[in-house]
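**Student:** My structure is below; once you've seen it, I'll send some questions.
The values are calculated or read from the model by the stated rules, or taken from the named source; none is laboratory data. Model, not experiment: these values are computed from the prediction. When we count neighbours, we look across all protein chains shown, and the Cβ atoms used for this are built from the backbone with ideal geometry, even at glycine.
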Amino acid sequence: MQTATQWIRHNSHALAARKPDEPLDDLRPLAPLVRDAKIVALGAATRQTRELSEVAHRVVRLLVEEEGFRSVVLEGDDPGRLGLAAYVATGDGDPGAMLAEARAFWRTGEILELVQWMRSYNERHPDDPVRLAQPPAGQANSLAEAERALADGAAWWQRHTGDKVVYWGGMAHTAVGTPRTVSVSRSEPPQTHRNMGGYLRERLGPGFRSIGLTLAHGSIGRPLPTPGPDFVDSVLGAAAGNRAAYLLDPGLPSSGAVRRFLDTPTRTRLIGPSYDPRQDEAHHMSGGSLATWFDAVIHTQEVTSSRPLPQGPAPAG
């Protein structure tokens, strides 16, 4: 009988390229899974790594350059407040200086590269530009209300512009969960509520697609050990073999033990701004399965810390 590890190895696509400007051939099997969506969400297990940010950048490139997506939502701050939306549209200002004033998730070299690439794309395509989305900020008095506000904002922007939208944020928000539980530290109680991905799936059906960016081990400035056997990430890691990263469609036909693995509620690693490697298993998302959370999974074996913003004026895009 085929095991889940064997099935994943047989049905996944190795990602050979790593850098944002490398060819997209290895990512093209993703396109049929998401091209008809109105909103595609990229949800990272952690926002603090170079590799997950760079693969997200490559997916943005694929969707913009080849699949007609024209708005990018960056979760975590307001691009209008910082001037980044105007920079992408006109080239005015210094994006590095703007990002230095952003919240922590955006103060990385990887986010700067994405913003500069968007500006460069618009210089090459002035009659068909891509833009940084500026959804309205909703009022929220609880985490559950915050999730609804994120969904409302993304859906409003898509309706208002008519653009196909790429949403790049954290897995806690983008995975399809109804309900779901998040625990990011032992000092905070688990949170159980419908999240943004759950609301958008309810509203848009197949018009919303969720891509999970998972990882096996590495560092975010503190070591990330290999997850325990009760984490789905342990099977994803075992299936990697000698591949640095791969793409998987968990909706592919399967049966028996494999289907049970894909459909059974599990845990996946979820790391917020505060992380203690001595309590690694406390940092997780549960309440759903690999196949219900994600329409596609991009798994990376080893990660390193995000790069800090460069000092001094940013180079031209």
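**Student:** Might you check whether a residue that is in a loop (DSSP other than H, G, I, E, B) and either modelled with pLDDT under 85 or more than 20 Å from Pro265 (Cα to Cα) (or both) occurs anywhere in the stretch 194-203?
**Tutor:** Initial filter on the stretch 194-203 (in a loop (DSSP other than H, G, I, E, B)): 194-195.
Narrowing the set further to residues that are either modelled with pLDDT under 85 or more than 20 Å from Pro265 (Cα to Cα) (or both) leaves none.
No - not one qualifying residue is present in the stretch 194-203.
**Student:** Restricted to the stretch 256-286, and to residues that are out of contact with any strand residue (DSSP E or B) (no Cβ under 9 Å at 6 or more places or on another chain) and among the aliphatic types (A, V, I, L, M), which residue is surrounded by the fewest Cβ atoms within 10 Å (Cβ to Cβ)?
**Tutor:** Ala257
**Student:** For the stretch 115-125, state whether one or more residues are without any contact (Cβ under 8 Å) to a residue 40 or more places away in the chain, farther than 26 Å from Arg18 by Cα and either in a loop (DSSP other than H, G, I, E, B) or out of contact with any strand residue (DSSP E or B) (no Cβ under 6 Å at 6 or more places or on another chain) (or both).
**Tutor:** no
**Student:** Residues in the stretch 74-114 that are free of Cβ contacts under 8 Å to residues at least 40 places away in the same chain and either assigned to a helix (DSSP H, G or I) or under 22 Å from the mean Cα position of the chain (by Cα) (or both): how many?
**Tutor:** 10
**Student:** I've got another one for you. Identify, from the list Val115, Val73, Val130, the residue that is touching a Ser or Thr at 6+ places or on another chain (Cβ under 9 Å) and among the β-branched types (Val, Ile, Thr).
**Tutor:** Step by step, each of Val115, Val73, Val130 is checked, and only Val130 is touching a Ser or Thr at 6+ places or on another chain (Cβ under 9 Å) and among the β-branched types (Val, Ile, Thr).
**Student:** All but one of (1) free of Cβ contacts under 8 Å to residues at least 40 places away in the same chain; (2) in a loop (DSSP other than H, G, I, E, B) hold for Ala137; state the number of the condition that does not hold.
**Tutor:** It is condition (1) that Ala137 fails.
**Student:** Tell me, which residue of the stretch 204-241 that is surrounded by 14 or more Cβ atoms within 10 Å (Cβ to Cβ) and among the charged types (D, E, K, R) is nearest to Glu51 (Cα to Cα)?
**Tutor:** Taking the stretch 204-241 as the starting set, the residues that turn out to be surrounded by 14 or more Cβ atoms within 10 Å (Cβ to Cβ) are 204, 207-220, 224, 226-227, 231-240.
Still in the list and also among the charged types (D, E, K, R): 209, 233.
Working: Arg209: 21, Asp233: 16 Å.
Only one residue fits best here, namely Asp233.
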